[in-house]
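Inspection log for the structure reproduced underneath, given as structure tokens.
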Amino acid sequence: MRVSLPPARMRVSLPMYNLPEMRGANTAFWQAMRTELGLRGLDGLPEAPEFDRAPVPGCIEAETLFTQVCGWPLQTIYAGQARLLGMPVYSAPHCVGPAHAGVFVVHRDSSFATLEDLGGCAFAFNSVHSNSGMNLPRRALAGLGARAPFFGSITETHSQPGNIERVAKGEVDATCVDCVTYAFFCRHRPELAARTRVLAVTPPSPSIPFVTSITTPDDKVLLLQAALMAVAREPRWAAARAGLLLADIVAPDPAAYQVQLGYTIEAETLGYPVLV
């Protein structure tokens, strides 16, 4: 039986890894999903994802059919707004299974040798709601015994790729970004990336999941999950996976994301509750 979604239920986006140079790769991945959903009877889907959606939107809208959202805000500002569809496995440095990490990035020619050396530096991060930009580096620094104020200055910019570029140009001393973001930056902007280096790696964290709105009916959720697993493993979608560094996608494990809340509590207990 063919099922067509009404227009109000067709928002599709892939905003987490969305450099302008990646529009073709993100479109190819969604077109693979669209094909697999069509084979399962789901019609009326957008031909391409939205490219202007913010990585940290105001909310997970009820009409969101398919997107990718950082796992930490899914438990905080977006609690109860989304359903997990799958956990990506990336073929990027510092990714192990369906997990990733944050990487502290500094200029290639800087004198920083250890994480402790960042004390007093100019630091940029993307969002107070970001796991890899704020929550993971906070936990890493708390484990070193950092106390506020640790950095000389701190700037919220709303762009992890932009922060890597700021480090490369010497506009800030350091940042912390998702290791997958850094891998894509190195792939698509190699000249700028060559001016940077990874100083340290944060504790690991579950990868950024694919999700749908909490209001998506159960039968549609099952179709989305089946299509996602087909795109993850069918040989004909190998190129679509390679464009996004995807080695696999595994079934969602909501309990795995509790580690992110645990890091928050641990940072507070260790005396470094705010990244400053």
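Computed over the range 161-264, the Cα gyration tensor eigenvalues convert (square root of 5λ each) into semi-axes of 32, 20, 12 Å, ordered from largest to smallest.
With one equal scatterer per alpha carbon and no solvent term, the Debye-computed log10 I(q)/I(0) for the range 100-204 at 0.12 1/Å reads -0.32. Once the chain from residue 23 to residue 147 is taken as fully extended at 0.36 nm per residue, the excess over their C-alpha distance is 40.6 nm.
When the chain is treated as a GNM with alpha-carbon contacts under 10 Å, the residue of 39, 118, 228 showing the greatest mean-square fluctuation is 39. The value given for the chain is a Kirkwood hydrodynamic radius of 19.2 Å, derived from the mean inverse Cα-Cα separation. Count Lys and Arg as plus one, Asp and Glu as minus one, and take only other residues whose Cβ is under 14 Å from that of residue 190; the net charge is then +2.
Of the peptides 162-172, 176-186, the ranking by mean beta-carbon count within 10 Å, highest at the top, reads 176-186, 162-172. Looking at the chain alone, DSSP beta bridges between its own residues are antiparallel in about 70 percent of cases.
Among 43-55, 132-144, 237-249, 85-97, sorting by the average number of other beta carbon atoms lying within 10 angstrom of each residue, highest first, gives 132-144, 85-97, 237-249, 43-55.
Ranked by the mean number of other Cβ atoms within 10 Å of their residues, highest first, the peptides 65-71, 188-194 fall in the order 65-71, 188-194.
Normalised by 2.2 N^0.38 Å, where N counts its residues, the alpha-carbon radius of gyration of the range 1-139 equals 1.27. Screening the chain for whole DSSP H helices of 20 Å or more along their axis (Cα) with average Kyte-Doolittle hydropathy at least 0.0 returns 218-233.
Note on the range 147-210: Cα Rg divided by 2.2 N^0.38 Å, N the number of residues, gives 1.19. Charged neighbours of residue 122, selected by a Cβ distance under 15 Å, balance to -3 (K, R count +1; D, E count -1). Restricted to Cα atoms, the range 55-96 shows a radius of gyration and a Dmax of 11.9, 35 angstrom.
Read the figures in this text as sums done on the coordinates, not as results from a lab. From a predicted model like this one, the values you see are computed outputs, not experimental measurements. Every residue, glycine as well, gets a Cβ built from its backbone with ideal geometry; the counts of neighbours run over all protein chains shown.
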